[in-house]
Every structure is written in structure tokens, then in C-alpha cells.
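The structure appears below as C-alpha cells.
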Amino acid sequence: MLKPDPFAGVGVGELVHRLATDAREFATAEVDLVKAKATERIGRYKGAAIFFAAAGVLALAALIALLVGLILTLATLVGSGWATLIVIGATLAVAGVLALVGKGRLAPPPGLRS
């Protein structure tokens, strides 16, 4: 048995109008889907960023405690002033080496210099 044609008696203008309406609704639904996905991802990244920030703060606190402990340990051998200078000097030397390595990674490869 043949099904009746759903478009029987419908003009071309009406069909074009339906097509335009359906396309508009489809586009709106796609935009809403992309917005929902982006909002969900931003929420996850925001939560992760908070935990990374907390980890960074705790790591910095541990590094400070380590340096203070090193100063206190050296103070018994060379005095508190010299121990402070030694630890600060060594820390700045390590920071300088890390900065130079970072600067080297930013420089373009030798073949790409303009």
C-alpha cells in the first residue's frame, strides 16, 4: 500500500519556508550544543586550575621551608650570615641557569633566523 504524499497540495513557497525554518532551528540547536560543550569544558579546566594553583602554592612553601632548613643547618658550621649568603647565592645560581635554559628554548633554530 502506498503512503500518501505529505507534500501534496503544498506550494513551493511553503516548502522553501519550511526548509528555512528547519535550517534556522538546526543551526540554533548546533550553536546551543557547542555552547554547552564549551561551558562544561571550561568548568572542568577551572576546577583543574584551582588544584594546580594550590599545588604550586604548597610546592613553593615546601621550597621555602627547605631553604630555611638549609640555612639553619649551615648556620651551625659557618654562622647565620654566611649560611644565608651561601644559600641565596646557590639559589640564584640555579635560577640563573634555569633562566638561560628557558631563554635558549625561546630562541629560533639557527636555520630560521631572519
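The values are calculated or read from the model by the stated rules, or taken from the named source; none is laboratory data. Given the structure is predicted, the values throughout are model-derived calculations rather than measurements. With ideal geometry, Cβ positions are generated from the backbone for all residues, glycine too; neighbour counts draw on all protein chains shown.
Here are a few things to note about the model shown:
- Residue that is modelled with the lowest pLDDT [pool: residues in region 8-37 that are loosely packed, with under 10 Cβ neighbours inside 10 Å and not in a helix (DSSP H, G or I)]: Ala8
- Selection of region 18-68 for residues being within 19 Å of the chain's Cα centre (by Cα) and among the hydroxyl-bearing types (Ser, Thr, Tyr) yields Thr39, Tyr45.
- Test: residue in region 66-86 that is loosely packed, with under 10 Cβ neighbours inside 10 Å, among the β-branched types (Val, Ile, Thr) and either touching a Phe, Trp or Tyr at 6+ places or on another chain (Cβ under 7 Å) or at pLDDT below 95 (or both): yes
- Only listed residue being at positive phi and not acidic (Asp, Glu), chosen from Gly79, Gly96, Gly13, Gly104: Gly79
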